[in-house]
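Report on the structure given below.
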Amino acid sequence: MPMITNAVGSFIRLYLLLLFLRVLMTWFPKIDWTVQPFFSLRQVTDPYLNLFRNLVPPIMGMIDLTPIFGFMVLQFLEKVLSDA
């Protein structure tokens, strides 16, 4: 069982890194999200972030808090798995 929890924990850490890169890239408005590798990054991370976008509307129509909730949930899961 520890091998499975370690594998899932590693996947969560990798996904957290991908989410961080996705958020970081949104600070650069000239990035073309239709070309690689940005398109793949968006395809991998957006379905997860969309779960939270349906729950939390942007503040003042501009500030998107969904990555924060996404990070919090993944970090909580990683903590639970590391304690198991």
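Select, from 73, 56, 8, the only residue that is open to solvent by less than 90 Å² (accessible area, probe 1.4 Å) and either in a loop (DSSP other than H, G, I, E, B) or touching a Lys or Arg at 6+ places or on another chain (Cβ under 8 Å) (or both).
Selected residue: 56, the only one of 73, 56, 8 that is open to solvent by less than 90 Å² (accessible area, probe 1.4 Å) and either in a loop (DSSP other than H, G, I, E, B) or touching a Lys or Arg at 6+ places or on another chain (Cβ under 8 Å) (or both).
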task: Please indicate, with yes or no, whether at least one residue in segment 13-32 is touching a residue at least 60 places away in the same chain (Cβ under 8 Å) and either closer than 29 Å to residue 82 by Cα or surrounded by 14 or more Cβ atoms within 10 Å (Cβ to Cβ) (or both).
output: yes
field: Failed condition for residue 79, given (1) open to solvent by 80 Å² or more (accessible area, probe 1.4 Å); (2) touching a residue at least 12 places away in the same chain (Cβ under 8 Å)
entry: (2)
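If you take the residues of segment 29-45 that are within 11 Å of residue 18 (Cβ to Cβ) and either not in a helix (DSSP H, G or I) or not basic (Lys, Arg) (or both), which of them is modelled with the lowest pLDDT?
First pass over segment 29-45, keeping only residues within 11 Å of residue 18 (Cβ to Cβ): 37, 40-45.
This time we only want the ones that are either not in a helix (DSSP H, G or I) or not basic (Lys, Arg) (or both), so: 37, 40-41, 43-45.
On the way: 37: 90, 40: 94, 41: 94, 43: 95, 44: 95, 45: 95.
Filtering first and then ranking leaves 37.
The values are calculated or read from the model by the stated rules, or taken from the named source; none is laboratory data. These numbers were taken from a predicted model, which means no experiment stands behind them. FYI the Cβ positions are ideal-geometry reconstructions off the backbone, even for glycines, and counts take in every protein chain you see. Note: accessible area is taken over every heavy atom of the protein model, side chains too, but ligands, DNA and RNA are not part of it. Shrake-Rupley method; radii C 1.70, N 1.55, O 1.52, S 1.80 Å.
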